[in-house]
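Scroll down for the structure; my scribbles are underneath it.
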Amino acid sequence: MRFILNGLWLMIALIFSKPTTAQQIIPITTDENALVLKVDKDKNLSVIYYGKKLANKEEYSTVTEMYRQADNYTQVADAAYTPSGSRNLLEPAITVTHADGNNSLTLRYVSHEQKDLSNNVSQLSILLKDPVYDFQVRLFYKSYFKQDVIEQWAVISHKEKSNVTLHKFASANLHLKAKGFWLTQYHGDWAKEMQPEESKITHGIKTLDSKLGTRANLFQPSVFMVSMDKLATEDEGTVLYGALEYSGNFRTDLELDYQNNLRIISGINNYASDYSLKPNEEFVTPGFLYLLSHNGKGTASRKMHDWARTYKVLDGQGSRLTLLNNWEATYFDFNEGKLKELIKDTRKLGVDLFLLDDGWFANKYPRNGDVAGLGDWEPNKKKLPNGIATLVKEAENNQVKFGIWIEPEMVNPKSELYEKHPDWVVKQPQRSEHYFRNQLVLDLSNPDVQDFVFKVVDDLFTKNTNLAYIKWDCNAVIYNAHSSYLKNQNHFYIEYMRGLYNVLKKIRQKYPTVPMMLCSGGGGRVDYAALEYFTEFWPSDNTDPMERIFMQWEYSYFYPSITSSNHVTDWGKQPIKFRTDVAMMGKLGFDIVVKHLNEKDLLYCQEAIKQYDSFKDIVWHGDQYRLSNPRESDVASMQYINTEKTNGVLFNYLVNNRYGAGSTYPIKLKGLDANAKYTIKEVCLYPGNKSAIDNSKSYSGEFLMSIGFNPIVNAQRTSVVLLISKI
Ligand code: DGJ
């Protein structure tokens with residue numbers, strides 16, 4: 001009977017869906033590209049093309065005829081969302097066990113709907129149904145015309161008699177054709193984040209994934225690039241950027257199949273996560289974000305930045321606060337008096353905000369080190385007898401703002417929270433606990449824990465109405481994944497993330513604009529789902545400026561500099577100018593003991609902050625060009641230019657200390673107006689130093705872009721900041 005009803009439903013749906021001839025072409029077009037889907041006569045939905053868009057849409061249907069590759073035996077090798085258990089022979093996007101125990105799935109096109117969400121954004125949804133089971137997948141493609149970005153996700157549901165188990169549930173399934181593919185991927189560890197690797201993709205499956213639970217991408221972020229036909233450079237070649245918008249376990253499979261096509265399947269990691277889907281429940285996958293550029297990585301990253309600032313990052317088009325953080329200045333060793341001094345130093349330095357870091361809380365087990373107190377969010381009475389309010393007041397008196405550090409998802413076993421609520425902690429009931437930085441993770445799948453975490457933040461704002469900034473840390477990964485709240489442990493990793501997003505949503509409903517930094521003892525967490533709630537992220541605990549030149553370079557492919565919290569610290573051997581200049585290529589902060597700075601160093605910082613205030617808008621909202629790669633040259637050069645092409649900043653650093661290393665050749669600028677004239681002036685000079693640059697000269701944009709400009713970087717001038725101004 002059920003089969004008859006399903007068949008009937010399908011017939012009705014087909015009658016009401018758009019009329020289809022033997023085959024139907026569905027192009028998703030952006031400014032430069034088209035992702036073209038095809039519905040064949042048997043209602044299989046496939047990807048037939050992703051590349052430069054054609055003027056004549058009719059010609060898309062002819063694309064596949066031009067390829068003479070090996071046989072597509074199953075007719076689903078190029079599926080837009082590959083089901084498993086029926087004809088498929090390759091990596092699936094979705095694998096299920098139906099209510100009756102059957103493992104097979106076939107997905108047939110039923111209908112599609114396209115709507116414009118604005119004059120730049122449109123959304124296509126395509127309904128796919130199993131002809132036998134009452135099971136459906138709705139694919140969503142949200143395209144951003146000007147930025148050439150597509151976000152793709154799936155909504156899975158069914159009306160079977162009882163639960164269906166989802167074994168795999170990807171967000172997206174791409175199918176690409178090229179004469180060869182190269183993968184750019186990243187790996188890392190604490191203080192070694194964003195290490196790039198480039199390799200030719202060979203046959204078989206390459207998986208990028210994380211199973212860490214919380215700070216999912218400590219070892220490997222979900223961002224990657226695929227160059228097509230040849231390895232893309234900054235300005236040449238076809239390159240696809242991809243990233244999963246998800247802060248938990250992810251998995252991206254890149255499969256070079258027997259036909260030499262590349263299949264990319266990305267979504268939540270199905271590791272230990274068989275999901276039991278109730279009838280009528282909707283399983284909504286996170287978005288998989290992708291962008292195709294035919295002019296190399298530079299264009300791709302600028303489009304990504306534009307997209308991120310306009311549509312994704314919280315307050316992406318707004319401003320940010322410069323700050324002084326006390327973490328490396330004091331660690332856990334401070335009291336009210338010391339902090340009041342630091343607040344005065346904040347003013348003296350000239351930044352906007354003082355940020356109080358770890359160590360301000362817990363009484364029964366005071367937070368005097370990382371071994372105790374996490375979870376007990378009451379100000380420590382010994383260190384802060386008058387609470388936080390007096391510090392906020394002190395900040396006000398000094399005309400600076402006040403921000404605070406929290407790590408609300410975590411607990412030390414030595415804490416009152418753990419004593420009161422051992423059942424709120426993620427741990428295996430029968431196994432010994434295993435710690436990451438002496439701490440455990442709270443079970444955010446439990447609504448009571450979600451309320452607790454929300455209250456940590458809410459209480460801080462309620463008690464301190466002028467609190468202006470939160471640094472949200474997350475240092476532990478999940479070991480011994482188990483929730484004493486959940487009945488089905490297979491749901492744990494997914495429910496943890498749902499819980500986290502619930503809390504963040506609630507915080508943003510009540511406090512929509514307050515800036516929050518996404519920190520994770522390094523860059524183990526940044527992604528475009530989290531950045532909907534956070535204004536900025538912490539790229540790494542490694543703030544050695546030499547290391548940061550390389551790391552920030554890699555992050556810059558994917559994230560706009562307004563999101564990158566760069567702090568000047570005592571890491572590294574470079575002079576204060578070098579350290580400050582590197583930190584200025586993003587959102588500037590300091591984590592130093594101001595009173596340890598000698599007179600000239602202090603003066604340098606004060607003047608540099610003023611200078612930064614004058615050009616930060618260009619760094620945050622302008623177009624970013626990577627001019628000279630530190631991995632290929634003695635000099636690293638990074639340029640930012642406003643959209644009007646009238647004002648820019650060029651940062652240059654010596655990254656090689658071998659004899660005579662320096663800027664032997666001119667650096668070619670980019671993105672200028674060729675016909676305009678520009679002056680170039682060195683700024684951020686160390687007190688007493690004279691510039692080697694003649695700022696009275698002017699150059700045409702054409703000259704600067706085709707001949708270039710020599711910033712005169714050498715062992716005496718290791719860091720050179722230049723202002724570019726149109727006359
Ligand atoms: C790790 C962060 O990255 C540091 O900046 C600092 O906030 C510590 N946690 C505090 O425990």
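The values are calculated or read from the model by the stated rules, or taken from the named source; none is laboratory data. Predicted model only: the values in this text are computed from it and were never measured. Every residue, glycine as well, gets a Cβ built from its backbone with ideal geometry; the counts of neighbours run over all protein chains shown.
One table, with the values for the structure above:
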read-out	value
Search result, residues across the range 140-170 that are within 23 Å of the chain's Cα centre (by Cα), part of a strand (DSSP E or B) and not charged (D, E, K, R)	Phe140, Tyr141, Ser143, Tyr144, Val149, Ile150, Gln152, Trp153, Ala154, Val155, Phe169, Ala170
Enumerated strands (runs of 3 or more DSSP E) restricted to the range 238-301, each holding at least 1 residues that are touching a Lys or Arg at 6+ places or on another chain (Cβ under 7 Å) and modelled with pLDDT of 95 or more	238-244, 250-256, 262-268, 288-293
Test: residue in the range 366-384 that is in contact with a helix residue (DSSP H, G or I) (Cβ under 6 Å, 6 or more places away or on another chain) and either among the hydroxyl-bearing types (Ser, Thr, Tyr) or in a helix (DSSP H, G or I) (or both)	no
Conditions (1) assigned to a loop (DSSP other than H, G, I, E, B); (2) of a type in the set (Gly, Ala, Ser); (3) touching a Leu at 6+ places or on another chain (Cβ under 7 Å): number failed by Ser483	(3)
Residue list for the range 615-636, restricted to those being surrounded by fewer than 20 Cβ atoms within 10 Å (Cβ to Cβ) and either within 16 Å of the ligand (Cβ to nearest atom) or polar (S, T, N, Q) (or both)	Asn629, Ser633
Scope the range 247-260; condition touching a helix residue (DSSP H, G or I) at 6+ places or on another chain (Cβ under 7 Å) and of a type outside the set (Gly, Ala, Ser); matching residues	Asn249
Residues of the range 324-341 that turn out to be within 32 Å of the chain's Cα centre (by Cα), more than 10 Å from the ligand (Cβ to nearest atom), surrounded by fewer than 23 Cβ atoms within 10 Å (Cβ to Cβ) and hydrophobic (A, V, I, L, M, F, W, C), as a count	1
Members of the range 580-601 found to be among the charged types (D, E, K, R) and within 16 Å of the ligand (Cβ to nearest atom), listed by number	Lys587, Asp591
Restricting the range 385-427 to residues that are among the small types (Gly, Ala, Ser) and not in a strand (DSSP E or B), the residue that is farthest from Leu355 (Cα to Cα)	Ser415
Single condition Glu433 does not satisfy, out of (1) within 16 Å of the ligand (Cβ to nearest atom); (2) in a loop (DSSP other than H, G, I, E, B)	(1)
Residue satisfying condition, being in a loop (DSSP other than H, G, I, E, B), over 19 Å from Ile48 (Cα atoms) and in the same structural domain as Thr29 (by TED's automatic domain parsing), within set Asp100, Asp71	Asp100
Residue list for the range 212-237, restricted to those being assigned to a loop (DSSP other than H, G, I, E, B), surrounded by fewer than 23 Cβ atoms within 10 Å (Cβ to Cβ) and over 17 Å from the mean Cα position of the chain (by Cα)	Asp229, Lys230, Leu231, Thr233, Glu234, Asp235, Glu236
Meets criteria (in a helix (DSSP H, G or I), in contact with a helix residue (DSSP H, G or I) (Cβ under 8 Å, 6 or more places away or on another chain) and over 30 Å from Tyr653 (Cα atoms)) for Phe454	yes
Leu500 part of a helix (DSSP H, G or I), under 26 Å from Tyr555 (Cα atoms) and either without any contact (Cβ under 8 Å) to a residue 40 or more places away in the chain or within 16 Å of the ligand (Cβ to nearest atom) (or both)	no
Hits in the range 531-569 (condition: hydrophobic (A, V, I, L, M, F, W, C), under 20 Å from Leu244 (Cβ atoms) and away from the ligand (no atom under 16 Å from the Cβ))	Leu531, Phe558
Qualifying positions in the range 403-426 - within 16 Å of the ligand (Cβ to nearest atom) and in contact (Cβ under 8 Å) with a residue 40 or more places away in the chain	Gly403, Ile404, Trp405, Ile406, Glu407, Pro408, Glu409, Met410, Asn412, Lys414, Ser415
Condition check for Tyr612: in contact (Cβ under 8 Å) with a residue 12 or more places away in the chain, more than 16 Å from the ligand (Cβ to nearest atom), of a type outside the set (A, V, I, L, M, F, W, C) and more than 27 Å from Leu291 (Cβ to Cβ)	yes
Residues of the range 520-529 satisfying the condition of being away from the ligand (no atom under 13 Å from the Cβ) and surrounded by fewer than 24 Cβ atoms within 10 Å (Cβ to Cβ)	Ala529
Pair list, Cβ < 8 Å and 6+ apart or interchain, from the range 335-348 residues that are in a loop (DSSP other than H, G, I, E, B) to residues that are among the hydrophobic types (A, V, I, L, M, F, W, C)	Asn335/Leu384
From the options Asp189, Asp209, Asp148, residue that is in the same structural domain as Ser273 (by TED's automatic domain parsing) and farther than 20 Å from Ser247 by Cβ	Asp148
